[in-house]
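Participant: One structure, as structure tokens, below. Some questions next.
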Amino acid sequence: MSKEVLVAAVKEIVTLSRSGDAEGSFDAFKALFVRPEFGNNRPEDQRQAFKLLILANRTGPKSEKLIEAHRAAIEPLTELVSKHNEPEDHELLGVCHLVIGNEAAAANMFRVGLDLRVCDRAQLKN
């Protein structure tokens, strides 16, 4: 997937969301994250797409489409974690697990992300 294709998909998602079609945006997120070529994008670009879904402020009950979009993000996020081991990726993955109801996996991801941040800070002090 080229960066242009990714940007176009994200623009479509943002347009759906801003127009009030949250459920349509969740479907579009899911479709984006399950594309095998999504993982070919730069890690920074993938993270930006994940953040749009995962870090958005929402109120009310979780819809099934919201849960499914987060479930779809788990595999490509797990791939990012295994390749780059960045604290931020662990935290994003933790939120996905929390949304789908897997609290044990979420706690583990948050713990690992926090441990990595502590190690990073300790290395900066030395």
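The values are calculated or read from the model by the stated rules, or taken from the named source; none is laboratory data. What you see is a predicted model, and the numbers here were worked out from it, not measured in a lab. Here the Cβ positions follow ideal geometry from the backbone for every residue, glycine too, while neighbour counts run over all protein chains shown. Please note that ligands, DNA and RNA were not included when accessible areas were found on the heavy atoms of the full protein model with its side chains. Shrake-Rupley method; radii C 1.70, N 1.55, O 1.52, S 1.80 Å.
Participant: Scanning segment 76-94 for residues that are assigned to a helix (DSSP H, G or I) and charged (D, E, K, R), which turns out surrounded by the most Cβ atoms within 10 Å (Cβ to Cβ)? Spell out the reasoning first.
Facilitator: So the first thing to find is which residues in segment 76-94 are assigned to a helix (DSSP H, G or I), and the list is 76-84, 87-94.
Subset that is charged (D, E, K, R): 79, 83, 88-89, 91.
Working: Glu79: 15, Lys83: 11, Glu88: 17, Asp89: 25, Glu91: 20.
If we take residues in segment 76-94 being assigned to a helix (DSSP H, G or I) and charged (D, E, K, R), then Asp89 is surrounded by the most Cβ atoms within 10 Å (Cβ to Cβ).
Participant: Restricting to segment 47-75, count the residues that are in a loop (DSSP other than H, G, I, E, B), touching a residue at least 24 places away in the same chain (Cβ under 8 Å) and of a type in the set (S, T, N, Q).
Facilitator: Total satisfying the criteria: 1.
Participant: Condition first: more than 20 Å from Val14 (Cβ to Cβ) and at pLDDT 95 or above. Can you find one or more residues in segment 42-51 that meet it?
Facilitator: yes
Participant: Report whether or not Lys11 is surrounded by fewer than 13 Cβ atoms within 10 Å (Cβ to Cβ), basic (Lys, Arg) and within 24 Å of Cys119 (Cβ to Cβ).
Facilitator: Working: surrounded by fewer than 13 Cβ atoms within 10 Å (Cβ to Cβ): yes; basic (Lys, Arg): yes; within 24 Å of Cys119 (Cβ to Cβ): no.
So Lys11 does not fit the description; no.
Participant: For segment 58-70, does any single residue satisfy the condition of being within 15 Å of the chain's Cα centre (by Cα), under 18 Å from Glu88 (Cα atoms), open to solvent by less than 60 Å² (accessible area, probe 1.4 Å) and not hydrophobic (A, V, I, L, M, F, W, C)?
Facilitator: For segment 58-70, residues within 15 Å of the chain's Cα centre (by Cα), under 18 Å from Glu88 (Cα atoms), open to solvent by less than 60 Å² (accessible area, probe 1.4 Å) and not hydrophobic (A, V, I, L, M, F, W, C): present.
Participant: Then there's this: Could you tell me whether any residue of segment 23-30 is open to solvent by 40 Å² or more (accessible area, probe 1.4 Å), within 16 Å of Ile100 (Cα to Cα) and among the hydrophobic types (A, V, I, L, M, F, W, C)?
Facilitator: no
Participant: Go over the candidates Arg18, Arg42, Arg47, Arg35 one by one and state the one that is out of contact with any Leu (no Cβ under 9 Å at 6 or more places or on another chain) and either polar (S, T, N, Q) or surrounded by 15 or more Cβ atoms within 10 Å (Cβ to Cβ) (or both). Write out each step before concluding.
Facilitator: Numbers: Arg18 fails: either polar (S, T, N, Q) or surrounded by 15 or more Cβ atoms within 10 Å (Cβ to Cβ) (or both); Arg42 fails: either polar (S, T, N, Q) or surrounded by 15 or more Cβ atoms within 10 Å (Cβ to Cβ) (or both); Arg47 fails: out of contact with any Leu (no Cβ under 9 Å at 6 or more places or on another chain).
Testing whether each residue is out of contact with any Leu (no Cβ under 9 Å at 6 or more places or on another chain) and either polar (S, T, N, Q) or surrounded by 15 or more Cβ atoms within 10 Å (Cβ to Cβ) (or both) leaves just Arg35.
Participant: Now for a separate question. Before we move on, is Ala106 over 30 Å from Cys119 (Cβ atoms), out of contact with any strand residue (DSSP E or B) (no Cβ under 7 Å at 6 or more places or on another chain) and surrounded by 15 or more Cβ atoms within 10 Å (Cβ to Cβ)?
Facilitator: no
Participant: Any residue at all in segment 16-29 that's touching a Gly at 6+ places or on another chain (Cβ under 9 Å) and within 21 Å of Gly113 (Cα to Cα)?
Facilitator: No, segment 16-29 contains no residue that is touching a Gly at 6+ places or on another chain (Cβ under 9 Å) and within 21 Å of Gly113 (Cα to Cα).
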